[in-house]
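For reference, the structure discussed in these notes is given below.
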Amino acid sequence: MEPLSLSFGAALLMGLVFGAGPCTVTCLPYLGPVFLSGDAGRQRRATIILPFSLGRLVGYTLLGSIAGYAGYTAANWFDGGPAGILLGSATVILGVLLLLRAGKGKGCPVTPPAEQAVAPPGKPTPRKMIPLSLFGLGLGMALNPCVPLGTVLTVAAATADPLHGANLGLAFGLGAVVIPALIFATVVAHFGKEVRNALAKWRGRLEAGAGSVLIVLGSVTALGWVQP
């Protein structure tokens with residue numbers, strides 16, 4: 001029987017195909033509210049997309065390495081287990097952070113600088129914690145194997161080589177994150193900006209609503225009621 005094989009380019013192409021369709025739809029409920037919760041300038045878009053995409057890349061690479069080391073069964077153990085809890089928890093934390101800063105952005109009443117509370121030295125602020133939560137969000141999503149990723153993991157398991165498995169996982173991840181990143185950086189960010197402009201007077205409520213949606217979505221994901 002001829003051994004299974006998959007090149008870096010083939011894994012990359014599979015990731016691109018997956019990222020162009022199902023992946024973007026899956027990410028939308030999680031990232032959409034984040035874009036609605038504040039201004040989507042170039043810098044802020046980068047602080048949303050980069051940690052989320054990095055989390056997914058690390059997740060895919062980790063799964064490929066585990067499959068190469070211990071077989072597909074071990075990698076598939078993540079599905080519906082710790083991955084769902086990780087994704088749900090990161091989503092809830094992100095929602096809480098958005099609630100904490102709701103109504104504090106531009107366009108809302110601003111407390112005079114002399115009256116603003118200064119965060120204690122070394123204490124993480126919601127703004128600083130959001131990229132870390134987005135990384136966890138991306139990591140959790142990557143650790144839920146899909147059908148195309150299952151093929152990559154099967155080949156990685158057949159090689160019995162953790163490094164080769166990690167290479168295939170990384171290739172798939174690079175392909176999977178490119179198109180969603182472009183879509184969220186342009187279409188979704190623009191859509192979010194239009195919604196915020198139209199509902200400017202309810203800005204604080206819109207931000208709080210986005211955080212609440214993420215808390216609910218994260219809770220049902222952690223409980224296993226929703227599979228990303």
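Taken over the stretch 129-186, the convex hull of the Cα atoms encloses 86 Å³ per residue.
Working from label points 7 Å from Cα in the Cα-to-Cβ sense, the residue 8 to residue 43 distance is 3.5 nm. 3J(HN,Hα) along the stretch 32-37, derived from phi through the Karplus expression 6.51 cos²θ - 1.76 cosθ + 1.60 where θ = phi - 60°, amounts to x, x, 5, 5, 7, 7 Hz, with x in place of Gly and Pro.
FYI, it's all coordinate maths here, none of it is from the lab. Note that the coordinates shown come from a computational prediction; the quantities given were computed from them, not determined experimentally. All Cβ positions, glycine included, derive from the backbone under ideal geometry; neighbour counts span all protein chains shown.
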